[in-house]
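Have a look at the structure below before the remarks.
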Amino acid sequence: MRPVRDRQVHNGPLVIGGGLAGLSAALEAAPRQTLLLTPAPLLQACASAWAQGGLAAALTAADSPGLHARDTEAAGAGLVVPVAARTLTNEGRATVEWLAGLGAPFDRDTAGGFSVSLEAAHSVARVARVGGDGAGRAILSALVAAVRAAPHVRTVENARLRGLLQDAGGRVCGVVVERDGRLTELLASSVILATGGVGGLYAMTTTPAALKGEGLALAALAGAEILDPEFVQFHPTAIDVGLDPAPLATEALRGEGARLIDGTGDFLLGEMSDADLAPRDVVARAVHVARQSGCGAFLDARTAIGAAFPEHFPAVFAACMGAGLDPREAPIPVAAAAHYHMGGIAADADGRTGLEGLFAVGECAATGVHGANRLASNSLLEAATFGRRAGRLAAAGQDEMSGRGAIVGGEVPPDLAPEALRELRQAMTAEAGVIRDGAGLTRLLDLIARLECSAPAAPPLVAAGLIARAALERRESRGGHYRADFPHSDAAARHSRLRCPPIPRTAAA
């Protein structure tokens with residue numbers, strides 16, 4: 001039997017997550033009263049604040065939404081949903097201008113327009129930046145200020161999502177949250193999950209380690225469809241100085257001419273000036289192979305950036321100097337690290353999932369925009385654009401707080417013990433990392449099954465299991481998923497669609 005808990009009712013949308021997607025959804029739900037729950041204080045433990053490169057959008061005369069959509073589809077290796085990509089890119093400029101209107105201090109050119117830079121797999125420069133490499137925190141800071149000033153948003157920090165509540169018909173009607181060690185059931189007219197990605201499932205990651213796919217897992221346990229979970233993007237230039245998480249050397253450095261070399265000084269991807277701006281999966285594999293061979297991998301910015309490093313890339317410069325490395329004088333040691341999850345809870349451009357009452361936005365969602373390989377700097381654009389759309393739709397929905405009957409679900413799965421989480425993270429990096437094979441993925445699934453004996457349905461294990469299952473079943477290489485035993489791509493691209501086995505539900509009046 002489920003333990004007795006406090007129960008509260010919120011007659012409006014409930015947003016879980018304080019990153020760019022969650023904040024955008026909360027702001028756009030106006031004037032509906034909106035409750036925003038974050039697992040940590042705002043600006044902490046969310047990947048949006050760590051984004052360096054910027055926000056991709058068609059902002060110049062040389063660009064267009066159609067060209068941006070084509071680049072997005074090309075990077076996605078056959079699995080981008082065209083209508084989703086067009087929706088995103090058509091709203092790109094409006095999203096940037098909305099963020100700028102809230103106070104996001106984008107870099108400007110001499111004419112007052114948005115200053116843009118070139119990143120990998122973009123056919124033109126289109127990445128709007130802030131202070132060289134500070135886009136994420138600057139944009140998020142502007143939204144945090146707007147949320148704190150918004151009369152329709154009430155924010156509750158340090159509230160961790162532990163379960164989803166459903167009515168007898170399967171509609172998601174609330175959540176179970178833990179705050180200060182106490183569990184509370186919160187009923188709401190709709191729930192918007194903006195819980196972030198899965199980087200914390202990996203021993204080598206550039207994202208906050210707290211992001212372990214728990215929102216994705218709880219949605220899966222409630223019956224939501226999970227789309228393409230095997231597609232994890234590994235950033236090729238995590239700064240390899242023994243930190244967890246690893247600091248990031250933004251791709252914009254390579255856009256400015258920094259080069260990837262091995263320990264002997266040879267170029268990793270060839271001498272052509274644009275060789276290091278290949279799609280991220282290609283570059284990540286080159287870095288991974290160089291490290292595995294013992295040659296090492298380094299990002300050499302001494303000539304391209306040199307003395308301008310402190311001014312043009314202050315975040316990267318500070319990370320290097322903090323580790324005792326001066327990037328003006330020495331190449332930066334780099335490694336490929338888990339960076340972004342293209343898969344997630346299946347959702348449309350308005351955040352709607354297959355479960356009534358449940359929306360998913362940002363990295364926990366899979367809208368079809370990223371396909372098998374995310375185009376650089378599309379993630380912040382998607383978070384803000386689709387977050388706004390979800391907030392508006394959730395606010396427009398009918399309030400159904402009465403007449404639901406019995407509330408079911410709300411089971412709180414166990415936490416994973418620290419030593420078990422360490423074992424899982426190491427295995428995920430080794431077996432479901434940059435290069436995979438069937439034997440390694442089978443070992444990983446066996447490990448997950450063993451750990452589940454002590455922590456059944458623990459969300460990190462559920463999320464890791466979904467990634468590993470889909471990766472084992474995809475017997476080809478495509479985008480961010482590379483199988484050493486199946487190195488070629490199938491002629492036809494197909495999506496992976498997974499569901500968790502149904503679990504018994506406990507009813508409460």
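FYI, it's all coordinate maths here, none of it is from the lab. Here the structure is a predicted model, which is why all the values come from computation and not from measurement. Cβ placement follows ideal geometry from the backbone for every residue including glycine, while neighbour counts extend to all protein chains displayed.
Here I448, I192 are placed in order of increasing Cβ neighbour count within 10 Å, fewest first, which gives I448, I192.
Sorting E271, E256 from the fewest to the most surrounding beta carbons within 10 angstrom yields E271, E256. Working ranking of peptides 29-36, 257-264 by packing, defined as the average number of other Cβ atoms within 10 Å per residue, highest first, is 29-36, 257-264.
Projected over every direction and averaged, the convex hull enclosing the alpha-carbon atoms of the chain yields 22.5 nm². Over the residues of the chain, the helix contribution to mean residue ellipticity at 222 nm works out to -9000 deg cm²/dmol, using -39500 (n - 2.57) for each DSSP H run of at least 4.
Here the extension length gained between E178 and T442 equals 91.6 nm, from 0.36 nm per residue of separation less the Cα-Cα distance.
Residue order for V289, V116, V198, fewest other beta carbons within 10 angstrom first, comes to V289, V116, V198.
Each Cα pair under 8 Å and six or more residues apart adds its sequence gap; the mean of these over the residue count of the stretch 234-337 is a relative contact order of 39 percent.
Once the chain from A307 to E419 is taken as fully extended at 0.36 nm per residue, the excess over their C-alpha distance is 36.0 nm.
Each DSSP beta bridge with both residues in the chain is either parallel or antiparallel, and the antiparallel ones are about 65%. Peptide packing for 469-477, 388-396 was compared via the average number of neighbouring C-beta atoms within 10 Å per residue; ordered from the highest value, the list is 388-396, 469-477. Couplings 3J(HN,Hα) of the stretch 300-314, computed from phi: 9, 10, 5, 7, 5, 10, x, 5, 7, 3, x, 7, 7, 9, x Hz, in residue order, whole Hz [Karplus 6.51 cos²θ - 1.76 cosθ + 1.60, θ = phi - 60°; x for Gly and Pro].
In terms of the mean number of neighbouring beta-carbon atoms within 10 Å, the peptides 199-210, 180-191 order highest first as 199-210, 180-191.
Here the extension length gained between R499 and Q33 equals 164.5 nm, from 0.36 nm per residue of separation less the Cα-Cα distance. Helix 378-396 and the longest principal axis of the Cα set of the chain meet at an angle near 20°.
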